[in-house]
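Visitor: After the structure tokens below, expect a handful of questions from me.
The values are calculated or read from the model by the stated rules, or taken from the named source; none is laboratory data. Because the structure is a prediction, the values reported are computed rather than measured. Ideal geometry is used to build each Cβ from the backbone, glycine not excepted, and the neighbour counts take in all protein chains shown. To get the accessible areas, we keep the full protein, side chains included, count just its heavy atoms, and leave off ligands, DNA and RNA. Shrake-Rupley method; radii C 1.70, N 1.55, O 1.52, S 1.80 Å.
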Amino acid sequence: MEPAQPAEYPLYFVDGDTGMSWSIDTRSVRLDAAGVTFTSERETRTIAFREIRSIRLQTTFVRGDDIPIGICTVRFGNYRKLTIFSGDSHGRADADQRQHYIDFIRDFHRRIPMHDRNRIGFNGGLSETRYMIVSTAMLAGALLFGALPAFLILWKPSFETFGIAFTSGGFVYAGWRVWNRNRPGDYSPDHVPDDLLP
């Protein structure tokens, strides 16, 4: 079997902590026999497959009615990480970027050598700690944006209270989608679950 040809994917990424920003300026990752290559503000770097400690796939939503945004976090070295997104430079859903991301994820996992697969952690969804925090926030949000508007409708039914309830329901639904799709767990690199893809 011939080795796969190098492939370039025009995906946006962050080298290091993601933090808060209006847009992402770094774009394009390359896959080849050596590993994953990217050029960031710091440097041009190839992450060899043997350096990868874990890969985490998860999804998130900008708005409740959006298609999800895929996030792939590759941890390598001692404390470093590369985070790759399926959205545009502003983090919004983009059909072309989404397809590039899905192609990248499948190609990336296919290229990982068998001896490295046994060592790498393939994690899906949020980490246990973050999921617990999101679960607590979901419960608080359901009470605030679910129970309170329902009480307002019963107490003083009007178009305004129905509007508030409808908007609040959208917030609860968006939060539930993120929470439901990102339950922590492991996955097999031979079969990446569709739930972990946008």
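Visitor: Taking strands (runs of 3 or more DSSP E) that fall entirely within the stretch 18-119, which contain at least 2 residues that are at pLDDT below 95, of a type in the set (Ser, Thr, Tyr) and over 20 Å from LEU196 (Cβ atoms)? Full working, then the answer.
Guide: Working: elements: 27-32, 35-39, 44-48, 52-60, 69-76, 80-85.
Here the list is empty.
Visitor: A follow-up question, please. If ASP88 satisfies every condition in (1) open to solvent by less than 50 Å² (accessible area, probe 1.4 Å); (2) out of contact with any Asp or Glu (no Cβ under 8 Å at 6 or more places or on another chain); (3) among the charged types (D, E, K, R) but one, which is the exception?
Guide: ASP88 satisfies all of (1) open to solvent by less than 50 Å² (accessible area, probe 1.4 Å); (2) out of contact with any Asp or Glu (no Cβ under 8 Å at 6 or more places or on another chain); (3) among the charged types (D, E, K, R) except (2).
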